[in-house]
Every structure is written in C-alpha cells, then in structure tokens.
Amino acid sequence: MNYVQGFVIAVPTANKQKFIDHARQFDPLFIEFGALRILECWGEDVPRGKQTDFYGAVKCQDDETVVFSWIEWPDRATCDAAMEKMMSDPRMDPAANPMPFDGARMIFGGFSPVVVIE
C-alpha cells in the first residue's frame with residue numbers, strides 16, 4: 001500500500017489564485033522526487049464543529065479558507081527521501097518563493113492506509 005501525507009492550512013481567501021499558482025509551481029517537485037499524486041483542495045463545504053473542526057485546528061480567520069491537501073507516495077521511504085531533497089533544493093527557498101499562507105499554522109502528518117476501496 002502507498003503512504004500518504006495530509007495537510008490542512010488556512011489560506012487568505014483573497015490569495016486563492018496565488019495559492020493555485022504556488023501549488024502549480026511547486027507540486028511538480030514532489031512528483032519529480034517520487035510522489036504519485038497530489039491533490040490541493042479548496043474548502044467549499046467545511047462545517048464548523050461544536051468541539052473541534054478544521055477551522056480551529058489551523059486557527060482559520062474569517063477572511064481565510066480551509067485548504068486540505070494530500071500527497072500519495074509509493075512508500076514512506078520514498079517520501080522521507082523526497083523531503084530531504086526538497087529541504088535542500090534551491091527552488092524551495094521561501095525567501096525567493098514565499099508561501100501565500102501562514103505556514104506556521106499548517107498541520108500535517110504521514111499516514112499508512114489501512115483500508116482502500118477503489
């Protein structure tokens with residue numbers, strides 16, 4: 001089974017096109033380093049919870065939209081190797097190519113699928 005990295009971020013709603021442009025520029029690097037598929041998903045139907053929700057998890061403000069993304073990898077070893085390469089790749093320099101969102105509020109993790117239905 002594949003390995004999946006999941007991400008939730010709060011993106012200023014006014015930066016939607018900047019976010020799309022940023023993803024189109026940088027997501028191909030993940031593919032270059034071994035990712036199988038990447039999905040960047042702009043929140044449309046994200047309910048607010050009574051105890052917890054995506055908004056609270058990333059401290060989403062009223063002028064921001066929740067974005068849910070994931071990267072599928074063939075395995076964790078490929079993912080780990082790619083992350084090392086990404087961190088040293090000059091194309092990822094945040095000074096030259098700033099993220100259109102507050103990366104400090106991003107939540108993420110790596111997951112091994114236990115059930116897959118296709």
Legend entry - Förster radius 35 Å - calculated FRET efficiency between LYS50 and MET99, Cβ distance, rounded to 0.05: 0.70
Legend entry - For region 7-18, Karplus couplings with θ = phi - 60° (6.51, -1.76, 1.60), whole Hz, Gly/Pro x: 9, 10, 9, 10, 10, x, 3, 5, 9, 3, 5, 4
Inset, instruction - Any lysines with Cα under 26 Å of the LYS18 Cα? List them, leaving off those in the same chain fewer than 8 positions away. - result: LYS59, LYS85
Inset, instruction - Enumerate the calculated ³J(HN,Hα) couplings along region 39-52 in order (Karplus 6.51 cos²θ - 1.76 cosθ + 1.60, θ = phi - 60°), each rounded to whole Hz, writing x wherever the residue is Gly or Pro. - result: 10, 10, 10, 7, x, 10, 10, 10, x, 8, x, 8, 10, 7
Legend entry - Residues with amide H under 5 Å from that of TYR3, placed H, sequence gap 5 or more: TRP73, ASP75
Inset, instruction - With the Cα gyration tensor of region 17-118 in hand, convert its eigenvalues to equivalent ellipsoid semi-axes via √(5λ) and list them largest first in whole Å. - result: 24, 20, 12
Inset, instruction - Could you list which residues have their amide H under 5 Å from that of THR65, counting only those 5 or more apart in sequence or on another chain, with H placed in the peptide plane? - result: VAL11, THR13
Inset, instruction - For region 42-101, just the Cα set please: Rg and Dmax, both in angstrom. - result: 15.8, 43
Legend entry - Mean Cα-pair separation over length for the chain, i.e. relative contact order, pairs under 8 Å, 6 or more apart, %: 50 percent
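Bear in mind that the values in this text are calculations on the coordinates, not laboratory data. All values reported here derive from a predicted model rather than from experimental measurement. Glycine also receives a Cβ, built like all others from the backbone with ideal geometry; neighbour counts cover every protein chain displayed.
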